[in-house]
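K.L.:
Structure incoming, see below.
Derivation of every value follows stated rules applied to the coordinates shown; laboratory data play no part. What you see is a predicted model; the values in this text were computed from it and never measured. In this analysis, Cβ positions are derived from the backbone assuming ideal geometry, glycine residues included, and neighbour counts consider all displayed protein chains.
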Amino acid sequence: MRLARQYGAIASVKNGNLLFIRQGQGKSASGKPLPVISITRKDGDSHRFTLADRGAYTGVIASWLHTREPAKKEST
């Protein structure tokens, strides 16, 4: 999993095979195009938050993955 994250990929075992697929390519492991689907909030999206003591924290770090440059980015 660490190697997959480093290269912007997804690693998983399916049907006895190790899959290592780059995110955001729109293709299956065999190279076939994936179908387009619509996901709506009722399909499982959720959120949560916690109110915390502001004095207990000095900042935040956000991270994301840009699919055209498969490397983790960070900002403070």
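K.L.:
Output wanted: per-residue J couplings in Hz (rounded whole) for the stretch 7-17, from phi through Karplus 6.51 cos²θ - 1.76 cosθ + 1.60, θ = phi - 60°, x for Gly and Pro.
P.N.:
Residue by residue, the stretch 7-17 yields 9, x, 10, 10, 10, 7, 9, 10, 6, x, 10 Hz.
K.L.:
What order, most packed first, do the peptides 51-62, 16-27 have when packing is the mean number of other Cβ atoms within 10 Å of each residue?
P.N.:
Values: 51-62: 6.4, 16-27: 11.6.
For the peptides 51-62, 16-27, the packing ranking is 16-27, 51-62.
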